[in-house]
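**Q** Have a look at this one.
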Amino acid sequence: MESFLGLTICSDISMFERTKNIKLSVIKQIELEASKYPDAVSLAQGIPDFDTPDFIKRRVERALKRGVVAKYSLSPGLPELRELIEESLEKEGMYYDWEKEILVTAGSIEGITATIMAITSPGDEVIIPEPTYTSYREVINLAGCKPVFVPLDEEKGWGFDIERYREAVTEKTKAIFYCNPNNPTGTIYTKKQLMDLARLAEDNNLFLISDEVYKDFIYDEKEFFSLASIPELRKRVIRIFSFSKAFAMTGWRVGYLHSDEENVREITKVHDSLVTCAPVISQYAAMGALEIEKEKMKKFFEDYKKRRDVMCSRLENLSHVFDFVRPDSAYYVFPRISSRVAEVVGKDLIKGDLVDSWGFAFRLLEKAQIATVPGTAFGPNGEGHIRMSFGRRREDIEESFDRMENIFKT
Amino acid sequence: MKCFAKFLLKHYLRVITKLTLLVHRPVVIAVAGSTNKNFAKKEIKRRLEEEGLTVRANPKNFNTEIGLPLAILHLPSGYNEYKAWLPAIFTSPLRIFQRNFPRFLVLGLGTSDEGDMSYLLSIVKPHISVVTDITQRYKEGFSDMNNLVDEYRLLADRTRNNGVLLLNADNYRVKRIGDNRKKKVVYYGFNKKADPCIVGAQKNEKGQRAKIRHREKEENFQINRFGRHHLYAFLIGVAVKEEVKSL
């Protein structure tokens, strides 16, 4: 207890029961630390360096001029947007009713939060393959549930081992929540892996939450499969998508989810109480994004592929420092840090076979002013790795690797 | 400058399109309404193609003053880039005498401001006009709901006298458009008086099982899509297929 102007101020953490174990994103902490270094180059945040395409901006300008953005939309979103979403899903072989089965959300994270809150009760368990996106576990904790981590297998290119999931299922398990393609590993799960997961979910009456925000970033013509395209699984699968990454719209905060109407009806109740509706101006931006011809976005994705190739080739030059699996998707590489770097970054960071990723990321920032994300942020199995984003400008990628080559000279 | 260029382009494309339509004389099926235009268009196209007919439908947002002519002429949009418009400008006259021009045009007509429909109908004169629905969507461009409905009334007025109006019997505003018309009016929907009419529908894993009554016959169909709007689109397809026979 503290006293201020005669008033007693209570700073007892127990007053924040729900939030006391929630952590602020490690990525934001790294960015904050990096901001102290004037010459820092950031490979940390997963933000595309492109600006939102002009076509989308013009769509928004038109909506502003017409005066249609100032009011709330219906809670599930503008009907015209949901209709466009249904059409775009249809092109991907997924059939959902825009009136009852599609919900426009304030970015994917709001969709994830609303979903977890709707389908779980406190004390339930949610299985997450890891390493994966940092915020999942915080949302699960926020809902009073327990995240159960199941490690992905680095030897198998960060793929699933279904037996590990089977072992993780208990009576309390409510859902399996995965990111496909996966952040930070860039893995695309195979159809067989996903079908095995679906069978496991069927056998144990579990929901499957599929976060597919990187599904447009697929390189080398790899195949992408979504369980949401199987009609028999529509009551079980909740698929989440965001416009942030694919259309360089991270600041607009707009995404959507879809599933069978029973699920969406319940999720909408939470969504309504959290945000009423997604920002209407951003919903018009999302309409612009869906009206863009695919060809217009092609250059955007080709550029990412080039950046991936640059980053991978520069990582190959640092093979004495990093060992990595070439990502098939998303815009991250998740290399393992070799213990041979101890001489440069300090022997105190070596923990058994692994290098303390948190310490390594901070030393890298200190010594070379390069911001990366420690692997431990993505789950226990991420320890010994760092995440590097190639969503940044090519010049930044080159500059950061020049610096690394300089400090990690053989 | 930009406005002037747009004005010139709009009228240039209108003239070329009218000449093209004059030469080829396709059957025009117009689809208008606040919702469900694209699914209805797709279903009409599918049905007609099943009959071995040649069909061209406008892509989803090619339903306005510039988009509609481009769709009819089968040209790409230059969007906001001056240079990108050059191919459309220079090749559009060639479309007047294009070979293999389709026999049927299925055209969504968009109206978001007063007068939009009038302009579009100065380009095309439909043989069949479908009104899918009228909701509050796009109402902001109109002083009141009646003015929005008037846009669709105009479509009904300008449909050829020997043509057909296909109206949603479940939407009061749409249904009233058919009152006191001298041309043929077909009502579709769940309303018992509609023909074609949905007698019953049941959702299943793959989509919907629907019982449809049409011309005193009842038949069951599996529609592998979810949502009531697909049932309407299906009915529109059934009705259009029937009506084109008499054109």
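The values are calculated or read from the model by the stated rules, or taken from the named source; none is laboratory data. Because the structure is predicted, anything quoted here is derived from the model rather than measured. Cβ atoms come from the backbone with ideal geometry, glycine included; neighbour counts cover every protein chain shown.
**Q** Residues that are within 14 Å of chain A (Cβ to nearest Cβ) and of a type in the set (D, E, K, R): list the helices (runs of 4 or more DSSP H) wholly contained in the range B:1-104 that include at least 3 such residues. Give the steps one after another, and end with the answer.
**A** Values: elements: B:2-24, B:37-50, B:67-73, B:82-91.
Fully inside the range B:1-104 and qualifying: B:37-50.
**Q** While we're looking at this one, here's another question. State which residue is surrounded by the fewest Cβ atoms within 10 Å (Cβ to Cβ) when the search covers only the range B:197-233 and only residues that are away from chain A (no Cβ under 14 Å) and either part of a loop (DSSP other than H, G, I, E, B) or among the aromatic types (Phe, Trp, Tyr) (or both).
**A** Selected residue: B:Glu216.
**Q** Then there is this: Do we have B:Glu242 as exposed (fewer than 15 other Cβ atoms within 10 Å of the Cβ) and acidic (Asp, Glu) here?
**A** On the way: exposed (fewer than 15 other Cβ atoms within 10 Å of the Cβ): no; acidic (Asp, Glu): yes.
Judged against the criteria, B:Glu242 is not a match.
**Q** Now for a different question. Out of B:Phe104, B:Phe90, report the one residue that is of a type in the set (Phe, Trp, Tyr), farther than 26 Å from A:Gly67 by Cβ and under 15 Å from the mean Cα position of the chain (by Cα). Spell out how you get there, then give the answer.
**A** On the way: B:Phe90 fails: under 15 Å from the mean Cα position of the chain (by Cα).
The match here is B:Phe104.
**Q** Go through the residues of the range B:106-116 one by one and say whether even a single one is of a type in the set (A, V, I, L, M) and either within 14 Å of another protein chain (Cβ to nearest Cβ) or closer than 23 Å to B:Tyr12 by Cβ (or both). First the steps, then the outcome.
**A** Of the residues in the range B:106-116, the ones of a type in the set (A, V, I, L, M) are B:106-107, B:109.
Next, from what is left, pick out any that are either within 14 Å of another protein chain (Cβ to nearest Cβ) or closer than 23 Å to B:Tyr12 by Cβ (or both): B:107, B:109.
Yes, the range B:106-116 has at least one match.
**Q** Which of the residues belonging to the range A:331-370 are out of contact with any helix residue (DSSP H, G or I) (no Cβ under 7 Å at 6 or more places or on another chain) and β-branched (Val, Ile, Thr)?
**A** A:Val341
**Q** With a cut-off of at least 1 residues that are within 29 Å of A:Val213 (Cα to Cα), name the helices (runs of 4 or more DSSP H) lying wholly within the range A:325-410.
**A** Result: A:357-368, A:394-407.
**Q** Could you tell me which residue of the range A:50-68 is nearest to the other protein chains (Cβ to nearest Cβ), considering only residues that are part of a loop (DSSP other than H, G, I, E, B) and touching a Phe, Trp or Tyr at 6+ places or on another chain (Cβ under 7 Å)? Give the steps one after another, and end with the answer.
**A** Taking the range A:50-68 first, the residues part of a loop (DSSP other than H, G, I, E, B) are A:50-53, A:67-68.
From the residues that got through so far, the ones that are touching a Phe, Trp or Tyr at 6+ places or on another chain (Cβ under 7 Å) too are A:50, A:52-53.
Details: A:Phe50: 17, A:Thr52: 14, A:Pro53: 10 Å.
The residue in question is A:Pro53.
**Q** Sticking with this one: Please verify whether A:Thr105 is more than 11 Å from every other protein chain (Cβ to nearest Cβ), out of contact with any Gly (no Cβ under 9 Å at 6 or more places or on another chain), within 14 Å of A:Ile240 (Cα to Cα) and of a type outside the set (Phe, Trp, Tyr), treating the condition exactly as stated. Please lay out each step first, then the result.
**A** Working: more than 11 Å from every other protein chain (Cβ to nearest Cβ): yes; out of contact with any Gly (no Cβ under 9 Å at 6 or more places or on another chain): no; within 14 Å of A:Ile240 (Cα to Cα): yes; of a type outside the set (Phe, Trp, Tyr): yes.
No.
**Q** What number of residues in the range A:97-107 are in contact with a Phe, Trp or Tyr (Cβ under 7 Å, 6 or more places away or on another chain) and crowded, with 24+ Cβ neighbours inside 10 Å? Before you say what the answer is, go through the steps one by one.
**A** The first filter runs over the range A:97-107 and keeps only residues in contact with a Phe, Trp or Tyr (Cβ under 7 Å, 6 or more places away or on another chain), leaving A:97, A:101-105.
Now narrow it down to the ones that are crowded, with 24+ Cβ neighbours inside 10 Å: A:101-105.
Residues flagged as in contact with a Phe, Trp or Tyr (Cβ under 7 Å, 6 or more places away or on another chain) and crowded, with 24+ Cβ neighbours inside 10 Å within the range A:97-107 amount to 5.
**Q** Identify all residues within the range A:277-320 that are of a type in the set (S, T, N, Q) and in a loop (DSSP other than H, G, I, E, B); write none if there are none.
**A** Taking the range A:277-320 as the starting set, the residues that turn out to be of a type in the set (S, T, N, Q) are A:282-283, A:313, A:317, A:319.
The one that is of a type in the set (S, T, N, Q) and in a loop (DSSP other than H, G, I, E, B): A:Ser319.
**Q** Quick one: how many residues across the range A:213-255 are of a type in the set (A, V, I, L, M), free of Cβ contacts under 8 Å to residues at least 60 places away in the same chain and either part of a helix (DSSP H, G or I) or in contact with a Leu (Cβ under 8 Å, 6 or more places away or on another chain) (or both)?
**A** Quick first cut of the range A:213-255, residues of a type in the set (A, V, I, L, M) only: A:213, A:218, A:227-228, A:230, A:233, A:237-238, A:240, A:246, A:248-249, A:254.
Within this subset, residues satisfying the condition of being free of Cβ contacts under 8 Å to residues at least 60 places away in the same chain are A:227, A:230, A:233, A:237, A:246.
Now restrict to residues that are either part of a helix (DSSP H, G or I) or in contact with a Leu (Cβ under 8 Å, 6 or more places away or on another chain) (or both): A:227, A:233, A:237, A:246.
Summing the residues that are of a type in the set (A, V, I, L, M), free of Cβ contacts under 8 Å to residues at least 60 places away in the same chain and either part of a helix (DSSP H, G or I) or in contact with a Leu (Cβ under 8 Å, 6 or more places away or on another chain) (or both) in the range A:213-255 gives 4.
**Q** For the range B:118-134, give me each residue that is in a helix (DSSP H, G or I) and buried (at least 23 other Cβ atoms within 10 Å of the Cβ). Talk me through it step by step, then tell me what you get.
**A** Initially, the range B:118-134 is screened for residues in a helix (DSSP H, G or I), giving B:118-121.
If the condition is that a residue be in a helix (DSSP H, G or I) and buried (at least 23 other Cβ atoms within 10 Å of the Cβ), then B:Leu120 is the only one that fits.
**Q** May I ask you to list the residues in the range B:168-196 that are on the phi > 0 side of the Ramachandran plot and assigned to a loop (DSSP other than H, G, I, E, B)? Reasoning before the result, please.
**A** So in the range B:168-196, the residues on the phi > 0 side of the Ramachandran plot come out as B:180, B:189.
Across the range B:168-196, the qualifying residue is only B:Asn180.
**Q** Out of the residues in the range A:237-270 that are surrounded by 21 or more Cβ atoms within 10 Å (Cβ to Cβ), in contact with an Asp or Glu (Cβ under 7 Å, 6 or more places away or on another chain) and not polar (S, T, N, Q), which is nearest to the other protein chains (Cβ to nearest Cβ)?
**A** Among residues in the range A:237-270 that are surrounded by 21 or more Cβ atoms within 10 Å (Cβ to Cβ), in contact with an Asp or Glu (Cβ under 7 Å, 6 or more places away or on another chain) and not polar (S, T, N, Q), the one nearest to the other protein chains (Cβ to nearest Cβ) is A:Asp260.
**Q** Quick one: which of A:Val270, A:Val264 is in contact with a His (Cβ under 9 Å, 6 or more places away or on another chain), touching a residue at least 40 places away in the same chain (Cβ under 8 Å) and assigned to a helix (DSSP H, G or I)? Break it down stepwise before answering.
**A** Numbers: A:Val270 fails: in contact with a His (Cβ under 9 Å, 6 or more places away or on another chain).
One residue alone meets the criteria, A:Val264.
**Q** If A:Lys71 satisfies all but one of (1) at the interface with chain B (Cβ under 10 Å from one of its Cβ atoms); (2) in contact (Cβ under 8 Å) with a residue 60 or more places away in the chain; (3) assigned to a helix (DSSP H, G or I); (4) not aromatic (Phe, Trp, Tyr), what's the number of the condition it fails?
**A** Single failed check for A:Lys71: (3).
**Q** Which pairs have Cβ atoms under 8 Å, sit 6 or more apart or on different chains, and link a residue in the range A:89-101 that is more than 7 Å from chain B (Cβ to nearest Cβ) to one that is surrounded by fewer than 19 Cβ atoms within 10 Å (Cβ to Cβ) and among the hydroxyl-bearing types (Ser, Thr, Tyr)?
**A** Pairs found: A:Glu92/A:Ser229; A:Gly93/A:Ser229; A:Met94/A:Ser229.
**Q** What's the total number of residues in the range A:309-322 that are under 18 Å from A:Glu343 (Cβ atoms) and surrounded by 15 or more Cβ atoms within 10 Å (Cβ to Cβ)? Even if it seems obvious, please write down each step before you answer.
**A** The initial filter retains those residues of the range A:309-322 that are under 18 Å from A:Glu343 (Cβ atoms), namely A:318-322.
Narrowing the set further to residues that are surrounded by 15 or more Cβ atoms within 10 Å (Cβ to Cβ) leaves A:318, A:321-322.
Qualifying residue count, the range A:309-322: 3.
Each row is one residue, and each column tells you yes or no for (1) under 18 Å from the mean Cα position of the chain (by Cα); (2) surrounded by fewer than 21 Cβ atoms within 10 Å (Cβ to Cβ).
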{"position": "A:Val325", "(1), (2)": "no, yes"}
{"position": "A:Val333", "(1), (2)": "yes, no"}
{"position": "A:Gly352", "(1), (2)": "no, yes"}
{"position": "A:Ala361", "(1), (2)": "no, no"}
{"position": "A:Pro374", "(1), (2)": "yes, no"}
{"position": "A:Ile386", "(1), (2)": "yes, no"}
{"position": "A:Arg393", "(1), (2)": "no, yes"}
{"position": "A:Ile407", "(1), (2)": "no, yes"}
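**Q** Then there is this: Of the residues A:Glu87, A:Glu125, which single one is of a type in the set (Asp, Glu), surrounded by fewer than 21 Cβ atoms within 10 Å (Cβ to Cβ), under 20 Å from A:Arg236 (Cα atoms) and assigned by TED's automatic domain parsing to the domain that holds A:Glu232?
**A** Numbers: A:Glu87 fails: under 20 Å from A:Arg236 (Cα atoms).
Criteria check complete, one pass: A:Glu125.
**Q** Exactly one of these conditions fails for A:Leu81: (1) over 21 Å from A:Ala118 (Cβ atoms); (2) within 7 Å of another protein chain (Cβ to nearest Cβ); (3) buried (at least 21 other Cβ atoms within 10 Å of the Cβ). Give me its number.
**A** Among (1) over 21 Å from A:Ala118 (Cβ atoms); (2) within 7 Å of another protein chain (Cβ to nearest Cβ); (3) buried (at least 21 other Cβ atoms within 10 Å of the Cβ), A:Leu81 violates only (2).
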